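The values are calculated or read from the model by the stated rules, or taken from the named source; none is laboratory data. Predicted, not measured: the structure shown is a model, and the values here were computed from it. Cβ: placed from backbone, ideal geometry, glycine included. Neighbour counts: every protein chain shown. To get the accessible areas, we keep the full protein, side chains included, count just its heavy atoms, and leave off ligands, DNA and RNA. Shrake-Rupley method; radii C 1.70, N 1.55, O 1.52, S 1.80 Å.
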Amino acid sequence: MSASSTPASGLVRMNPPVFWFAATVILLFGLVVIAMPEQAGAWLLQAQNWAANTVGWYYMLAMTLYLVFVVVTALSGYGKIKLGADHDEPEFSYLSWAGMLFAAGISITLFFFCVSEPLTHMIQPPQGESGTAAAARQAMQILFLHWGLHGWGVFAFVGMALAYFAYRHNLPLALRSALYPLIGKRINGPIGYAVDGFGIIATVFGLGADMGFGVLHLNSGLDYLFGIAHTQWIQVGLITLMMGAAIIVAVSGVDKGVRVMSDINMLLACALLLFVLFAGPTQHLLNTLIQNLGDYLGALPTKSFDLYAYDKPSDWLGGWTVFYWAWWIAWSPFVGLFIARISRGRTIREFVFGVLLIPLGFTLAWMSIFGNSAIDQVLNHGMSALGMSALDNPSMTLYLLLETYPWSKTVIAVTVFISFVFFVTSADSGTVVLSTLSAKGGNPDEDGPKWLRVFWGAMTALITSALLFSGSIDALKSAVVLTSLPFSLILLLMMWGLHKAFYLESQKQIAQLHSLAPVSGSKRGKGGWRQRLSQAVHFPSRDEVYRFMDSTVRPAIEEVTAVFVEKGLHVVTQPDPAHDSVSLEIGHGELHPFIYQVQMRGYFTPSFARGGMGSKQINNRRYYRAEVHLSEGSQDYDLVGYTKEQIINDILDQYERHMQFLHLVR
């Protein structure tokens, strides 16, 4: 892996193999389901039962492995590695970064499941007697499991892989890049394109499930407020309306306004959470929140592997835990790409624990406060109808709970508005991510073409509508479980590739500590200590460093290059349009190339460097350095003042360290 292994170049454009593979599979699936909705619904349900009974154990094991991998990586020495070059600094402040991670944890599905799921688990528990306090406690434990560390663990894993290979090794911001340590440049062939294609397929169905649950939730809110019928055609109309709005936002460049609305929306969501907390049994809700957290953390190791293998066979596991694990996997490219883009320059340790803990706190608080409010109504206030609604009409359950609070009509109207904005912003972001995953070229921070956003928005709407017609919630769950299965295997391969890359990086760091070259004298030029002192307090101008690059650095590298070519090595020259850097790259076949680049970089002159200039001039003047960069980034030392011979010796020192690295990983 290197900065030039597969460089991004040119304009962003469609990646034909990835696009046609994913689009064909998704379109065929959608057309079959639309043509035969009842038969397709039955097939999907049978397939989900098969998956739950056959590979349920695999989903449980895989999700736990993803979580363990990111936590162990963060706690190990690899946690110090930056998601970017060594000299990169985070683009966003800690507070801004935390705010964006917090936003990533909010979705319209929090509204759908926060009340209906815990009530369902209490009334139809996987183990024990239903409708009891023990069943309620178990229901919250299961709810925390489904919305807790496992899901954010897979998000952190995918985001870490995307950011590491894109920003540290200049590979494409694509899923296939994580396989570079395993298959090399073949990531830009059929294998790599298939990986990206499966990622798109999983994302479309994961996003489709989110949209499906969101539409059911919104339709129920409109039914409650305005009596709008709860029918499939109304739902298709809502999908068309909201996806159309999302596509307009995605292609028109007005998303800044939507982002502002989204920020206001998050404040409204927090206000809604606090309203439910303080307008309800506050002391009880705070007590249960802490107890739920303790129950979850205490049972996390055992619940991570609980397949209810000794209980009477049922479809509970496939309909809930296996579905959730598949859904988190399907969403991982979407959320992973988002958190990767905002995390350049972070260390792996702060990235992993930030992603795991910042959104998690809000999510679990939301689930606990809403879930325990509903459980309290059913167990202690005789609202059995609320419990039955969770089974018969889960999308209406939240509104029935809010009906018991003051100003219920206003609160429910605000809830519908919040849900609508979350739907549009999620669909907008989803279409942008899908366009990026099916594109190539440009730099890692560029989005895919606008027409691709329109296409994937239409495909997602088509899949969501088709699944709702073929069996509503059950069909949504079944499709997610099936389409996530091949992608979950790809994630395991990505884990292997990422581990191998970390190992190679650690060996390279060890190699950097060993120089096999003999000491060739002082690195500074001749002239004794007076010249060294003068050089130390001198802050060269741009023109001085330009002249130094042309007169000393470039001839040194050209001379070394000529000798390497004579020795039969493969030397790659890099163009320098700006004329502010000069580089040498030596290829070693499929092994890591050696890269030595001298790059001119400017800095503000420090205030103590008076040098006879006035303070006003000092504040505005910049000085420049000729810094050495290797494939992993800046080495933070300056060549200005070196002679040509000393630069050649420095190149050879670095090259011999690189050869030592290749020896260690051979």
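Restricting attention to region 108-139 and to residues that are without any contact (Cβ under 8 Å) to a residue 12 or more places away in the chain and polar (S, T, N, Q), the residue that is least open to solvent (accessible area, probe 1.4 Å) turns out to be T132. Here S429 fulfils each of the conditions (1) surrounded by 24 or more Cβ atoms within 10 Å (Cβ to Cβ); (2) assigned to a helix (DSSP H, G or I) apart from (1). Against the conditions (1) over 19 Å from L485 (Cβ atoms); (2) open to solvent by less than 40 Å² (accessible area, probe 1.4 Å); (3) in a helix (DSSP H, G or I), V68 satisfies every one except (2). Listed by first and then second residue, the pairs with beta-carbon distance under 7 Å, at least 6 apart or on different chains, first residue in region 476-498 and over 20 Å from A156 (Cα atoms), second open to solvent by 50 Å² or more (accessible area, probe 1.4 Å) and in a helix (DSSP H, G or I), are S478/L45. Looking at region 400-408, is at least one residue open to solvent by less than 10 Å² (accessible area, probe 1.4 Å), part of a helix (DSSP H, G or I) and modelled with pLDDT of 95 or more? Yes, region 400-408 has at least one match.
Against the conditions (1) surrounded by 18 or more Cβ atoms within 10 Å (Cβ to Cβ); (2) part of a helix (DSSP H, G or I); (3) under 23 Å from the mean Cα position of the chain (by Cα); (4) modelled with pLDDT under 95, G387 satisfies every one except (3).
Residues of region 623-653 that are open to solvent by 10 Å² or more (accessible area, probe 1.4 Å) and either assigned to a helix (DSSP H, G or I) or farther than 18 Å from Q535 by Cβ (or both): H629, L630, S631, E632, Q635, K644, E645, Q646, I648, N649, L652, D653. Return the total of residues in region 233-265 being open to solvent by 40 Å² or more (accessible area, probe 1.4 Å), over 16 Å from V454 (Cβ atoms) and modelled with pLDDT under 85. Adding up the residues that qualify gives 7.
Conditions (1) under 16 Å from P593 (Cα atoms); (2) modelled with pLDDT under 90, marked per residue:
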| site | (1), (2) |
| --- | --- |
| G633 | yes, yes |
| D638 | no, yes |
| T643 | no, yes |
| I648 | no, no |
| I651 | yes, no |
| L662 | yes, yes |
| V665 | yes, yes |
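Condition check for I106 on (1) modelled with pLDDT of 85 or more; (2) aliphatic (A, V, I, L, M); (3) not in a helix (DSSP H, G or I): one failure, at (1).
Please find, among G611, G568, G589, the residue that is modelled with pLDDT of 85 or more, at positive phi and open to solvent by 60 Å² or more (accessible area, probe 1.4 Å).
G568
Only one entry of L293, L307, L297, L289 meets the criterion of being within 28 Å of F155 (Cα to Cα) and without any contact (Cβ under 8 Å) to a residue 40 or more places away in the chain, and that entry is L297. F323 meets the conditions (1) closer than 21 Å to L491 by Cα; (2) under 18 Å from the mean Cα position of the chain (by Cα) in every case but one. The failed one is (2). Tell me, yes or no, whether region 217-228 has at least one residue that is surrounded by fewer than 24 Cβ atoms within 10 Å (Cβ to Cβ) and of a type in the set (V, I, T). So far as region 217-228 goes, yes, one or more of its residues are surrounded by fewer than 24 Cβ atoms within 10 Å (Cβ to Cβ) and of a type in the set (V, I, T). Flag not set for Y623, criterion: modelled with pLDDT of 85 or more, in contact with a Lys or Arg (Cβ under 8 Å, 6 or more places away or on another chain), within 22 Å of H87 (Cβ to Cβ) and of a type in the set (F, W, Y).
If only one of S332, S384, S408 is polar (S, T, N, Q) and touching a residue at least 60 places away in the same chain (Cβ under 8 Å), which one is it? None of the others qualify; the one that does is S332.
Within region 337-346, the set of residues being more than 9 Å from G159 (Cα to Cα) and either among the basic types (K, R) or at pLDDT 95 or above (or both) comprises R344, R346. As for region 110-128, it holds at least one residue that is polar (S, T, N, Q) and part of a helix (DSSP H, G or I).
For L516, the criteria (1) in a helix (DSSP H, G or I); (2) hydrophobic (A, V, I, L, M, F, W, C); (3) modelled with pLDDT under 90 hold in every case but one, which is (1).
Where helices (runs of 4 or more DSSP H) sit wholly within region 154-255, those with at least 2 residues that are within 30 Å of L28 (Cβ to Cβ), aliphatic (A, V, I, L, M) and touching a residue at least 12 places away in the same chain (Cβ under 8 Å) occupy 190-226, 232-252.
With respect to the conditions (1) open to solvent by 30 Å² or more (accessible area, probe 1.4 Å); (2) closer than 19 Å to L498 by Cα, P190 falls short on a single one, namely (2).
Give me a count of the residues in region 339-363 that are open to solvent by 10 Å² or more (accessible area, probe 1.4 Å) and assigned to a helix (DSSP H, G or I). Residues that pass the stated criteria total 9. When restricted to residues that are among the polar types (S, T, N, Q) and open to solvent by 60 Å² or more (accessible area, probe 1.4 Å), region 71-82 contains 0.
Contact annotation: no residue pair with Cβ atoms under 6 Å, 6 or more positions apart or on different chains, pairs a residue in region 452-473 that is within 15 Å of M36 (Cβ to Cβ) with a partner that is assigned to a helix (DSSP H, G or I) and of a type in the set (S, T, Y). A single entry from A47, A62 fulfils the requirement of being buried (at least 18 other Cβ atoms within 10 Å of the Cβ) and closer than 26 Å to Y324 by Cβ: A62.
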